[in-house]
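Quick notes on the structure that follows.
The values are calculated or read from the model by the stated rules, or taken from the named source; none is laboratory data. Since this is a predicted model, take the numbers as computed values, not measurements. Here the Cβ positions follow ideal geometry from the backbone for every residue, glycine too, while neighbour counts run over all protein chains shown. Accessible surface is based on the protein model in full, side chains and every heavy atom, while ligands, DNA and RNA are left aside. Shrake-Rupley method; radii C 1.70, N 1.55, O 1.52, S 1.80 Å.
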Amino acid sequence: MKRTPRPAAFVFIGGIVALLVASGATGNSKAAPDNTKEPFISSQYLVKVGSTVQGNKGTWSGKEPIQYQYQWLRCNADAENCKAIGGATETSYTVAQADVGSTLRFRVTAKNSDGKTQASSNATAQIQGKAGAPQATAPPVITGTPTVGQQLNATNGSWNGTKPITYVITWERCNTAVTECTDIGQSGPSYRLVNGDSGHRMRVQVAATNSDGKSSATSVPTTLVQPQSSGGGGGGGGNAIDVKDVGPAGERLVVDRVTFNPNPVTSKNVPINVTITVKDTNGKLIKGALVFFRSTPVVASIPTDAPTGADGIVRYTIHPEGDFPIKNNYSVQFFVKAYRQGDPTLAGISGTRLVQVATHKP
């Protein structure tokens, strides 16, 4: 009986081909530039015509070598509708007369053999013309609980310029994404929320005027205004306690629960609603605890610290920035801190927690 010879050479060559294919597969991993610390401008405030501002590219990871390109952007007073400034492609930029009334951003484009990524800095304050005109050195701040029936209070922010400076605070009602804001006809440092504010976000515009000119600054908007609670005013049986009563027996604050909606995040254009519950180490809900919340690195807006309500909860709405990573099998990390106003930064009863939200390509 005749035997068919074994194709030994073919088997051997096939093994080599298989090894080469496997080797090629493992060598094709992609490592496009990834921004791990956002770009920033060294002098975000006190910027005027003739000033030279310096941009920092931030921190990046990815396959080396990485090449960087820079572009200064001129934006409107709300740091939106940004357009490239012709010829402004270095890390430094001298503010021109054409920038008066606008804000500036510094954009970095990072390239390597695996891809290209862009990230932009936060904006400067509004650019002023005359040296003595009002200039914001810190934005206005809104405090208070954003619930119908509660009073919000706003500061003027901090300003430089020829004295005296007069201020007018105007309250605005905004949609969830803060793309549309309407003057509600209320001015002054305080405003009590009404039913029409429910489901909106509030912010203030501060107009500062002196003998050399006029300028404005905008606060960070509040979280969504909540409807007025229909429950009773308190009375026995509840376990929520005021933050001022925490600590005599060694209790501390605990960031008990953080939820995100949507989760996973599939778009940079959709706001993220965050619900944070604070308790103490005895398991009691805490009202009046301030909550700090931010992504690490900063790839989303940072809300103004707000207090927990009678249910121990604070709700924030944040907005992904351009460098918010939408990837499969990926998560964005956030740092949360619950604290009592007036306590020392490194002491007191504060509690912290790291949480994350998943992202997914649509």
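Structure values in brief
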{"quantity": "Residue match in region 113-120 (condition: over 22 Å from the mean Cα position of the chain (by Cα) and small (Gly, Ala, Ser))", "calculated": "yes"}
{"quantity": "Residue selected from region 110-141 under the condition among the aliphatic types (A, V, I, L, M) and touching a Phe, Trp or Tyr at 6+ places or on another chain (Cβ under 9 Å), by the criterion farthest from PRO39 (Cα to Cα)", "calculated": "ALA136"}
{"quantity": "Residues of region 173-223 classified as crowded, with 21+ Cβ neighbours inside 10 Å, part of a loop (DSSP other than H, G, I, E, B) and in contact with a Cys (Cβ under 8 Å, 6 or more places away or on another chain), total", "calculated": "2"}
{"quantity": "Qualifying residue in region 104-115 (condition: over 19 Å from SER216 (Cβ atoms), touching a residue at least 12 places away in the same chain (Cβ under 8 Å), outside any strand (DSSP E or B) and not hydrophobic (A, V, I, L, M, F, W, C))", "calculated": "yes"}
{"quantity": "Scope region 35-52; condition surrounded by fewer than 18 Cβ atoms within 10 Å (Cβ to Cβ) and at pLDDT 75 or above; matching residues", "calculated": "THR36, LYS37, PHE40, SER42, VAL49, GLY50, SER51, THR52"}
{"quantity": "Answer from VAL246, VAL274, VAL278 - the residue that is buried (at least 20 other Cβ atoms within 10 Å of the Cβ) and either more than 21 Å from VAL225 (Cβ to Cβ) or at pLDDT below 85 (or both)", "calculated": "VAL246"}
{"quantity": "Residues satisfying the stated conditions in region 133-158, i.e. open to solvent by less than 20 Å² (accessible area, probe 1.4 Å) and either within 12 Å of ALA217 (Cβ to Cβ) or without any contact (Cβ under 8 Å) to a residue 12 or more places away in the chain (or both)", "calculated": "PRO134, GLN135, ALA136, PRO140, ALA154"}
{"quantity": "Test: residue in region 234-242 that is open to solvent by less than 80 Å² (accessible area, probe 1.4 Å), assigned to a strand (DSSP E or B) and closer than 24 Å to ASP343 by Cα", "calculated": "yes"}
{"quantity": "Matching residues in region 121-172 - criterion: being among the β-branched types (Val, Ile, Thr), over 27 Å from VAL298 (Cβ atoms) and in a loop (DSSP other than H, G, I, E, B)", "calculated": "VAL148, THR162, ILE165"}
{"quantity": "Flag for GLY309 being at positive phi and more than 20 Å from the chain's Cα centre (by Cα)", "calculated": "no"}
{"quantity": "Close pairs from region 323-336: first of a type in the set (Lys, Arg), partner exposed (fewer than 12 other Cβ atoms within 10 Å of the Cβ), Cβ under 9 Å, at least 6 apart", "calculated": "LYS327/LYS361"}
{"quantity": "Considering residues of region 247-285 that are touching a Pro at 6+ places or on another chain (Cβ under 9 Å) and in a loop (DSSP other than H, G, I, E, B) only, the residue nearest to GLU321 (Cα to Cα)", "calculated": "LYS268"}
